[in-house]
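All of the numbers you see were taken from the coordinates with simple rules; none came from a lab. As the structure is a computational prediction, the values presented were derived from the model and not from experiment. Positions of Cβ are backbone-derived with ideal geometry, glycine not excepted, and every protein chain shown enters the neighbour counts.
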Amino acid sequence: MAAGKRAMQWLVASMMVGGVLVLTSQAASAAQSGDRSVSCSLSGVVHFSPPLTRSGGGTHASRVTATLSYCTYNSGIVEAVYSAHLGGIFASSPFSCSSSSPTGAALSATVRWHAKAWPHGGIGPTTVERGSASGSFAGSAVVSLYMPPALASGCAGGKIRSAIVSGTISIGQECGGVDGPLTEYPMVPPICGGQNYMPTSITTGSDGALWFTTNRHALIGRMTTAGVTTLYPLPYMWDGEWGNGGITSGSDGALWFIANSGLAIGRITTSGSVSTFPLPARSGLADAITSGPDGALWFTVYNNAGPNAIGQLTTSGTMTLFTDPSLGTGDWSSSDHRELTDITSGPDGALWFTSEYASNIVGPGAASIGRITTSGVVSEFPIPFDANPGPLTTGPDGAIWFAGSDFFGGNSIGRVTTSGQFSEYGGSSGDIGQVLGLTAGPDGALWFTNYSVPGDTGFAPYPPIGRITTDGTITTYGSPYVEEGAMGITAGPDGAVWFNDHLNDSIGRVSVP
């Protein structure tokens, strides 16, 4: 009776002061515990062996049983998992009776959880999509059960065989880490497995840091080469851009980006001051941006109710839109429908851009690489092979390189000289998927990202990072720390290549060989 009474006193104390059990652990495998972390409220019992007394106790494996409820997937978005059960053992007591303090004892446990149907058609970990699953993991545990002075004598005379604990538990993959040449930095440590922020495009700033856009929460992020992040909120609902073209470093030392869902061009100083430059009404939406050879910012414009355009914006705020029949229109009902997907500064003092397939037309010659002079003269180079172009960049060899992602197969990396001579690489290698980022690396090669969605066989499996030399030799890089959703990529200030891990709310770094 005495032991039972003291256990009840401990329960009351736990409820009064909010005792917390927090687990942070590395999953045994992604297939077991889910591709990303899950956090749950916890209420459970720790069984001590031998029972706790003033002189100690609990030195043998302590059994743990608990129920997890109100589980949140993606750290704050209440979706999918709604209940779970935990069972396991502590290798030693998590609480010292003699010192009335937590011990940080190690825990091995098995978690079983159940899931509702994914409510919004989003992408969850494989274990959640199947409706129910179980996972085993091992990690460290800390039990914080403050014992008020009035109850500190609870270990004297009697024996405490169990204690009630409550709080939160996090299970899932380790946040970040190093795997060979690849390092992963979570945007907001220790949160991993996000889709809360979804970083998309990235560039190197004049301050020697990495700057990136997010697809959610209207933020511009800054990360140092040591992995320290600063987030700057924007006065819009959404600033997100897909791929590699949403942010660039300007000639004035500021960062320029696609803002307010394409309705404006944004500017942020390296100290975080934000200003915007709206596009003219009904002119369309800006889609990709680059710094031009004339010191201005150049961007593509998609207009679903009129002609597409290439825009020029001086650093003092003067905006000019150039139209040309070859740019087509964003109107899907038109036979001239096209989308201008990316833009880069060329080696010849002009701007180069990609123009996707015209409406309902596929095959060689259907898509093109475009060129526009700083005075607005447009020329077009039809691609002689089947490739729907996405991101592009100027290569170290003085040519324009572009990604030819093709949903019908045969994805490739293309090259075009400034005189219009084309080459194609990697079309049958199996190493090139849906490429959403392409950059010239510091090593004289080109680097690209393969975007894949977990569990979606239409996009997988492709290694997230690829490297292609100017003679067409391809090398790929992957890691358990990296999700499949790699997007923007840039040459960093430290001689490495940095990229957005879009689905994992992280920024990755690859050491250049």
Worksheet item: If we sort 214-225, 345-356 on the protection proxy, mean other Cβ atoms within 10 Å, highest first, what's the order?
Response: 345-356, 214-225
Fill in: Cα pair distances of region 177-510 binned at 20 Å [whole percent]
35, 61, 4
Worksheet item: Mind ordering 488-501, 268-281 by average Cβ neighbours within 10 Å, highest first?
Response: 488-501, 268-281
Worksheet entry | Förster radius 41 Å - calculated FRET efficiency between residue 252 and residue 333 (Cβ-Cβ, nearest 0.05) | 0.50
Fill in: C-alpha center-to-center spacing [region 327-342, region 290-304] in angstrom
17
Worksheet entry | Dipole in debye (nearest 20) - region 278-390, about Cα centre, beta carbon charges: Lys, Arg +1; Asp, Glu -1 | 200
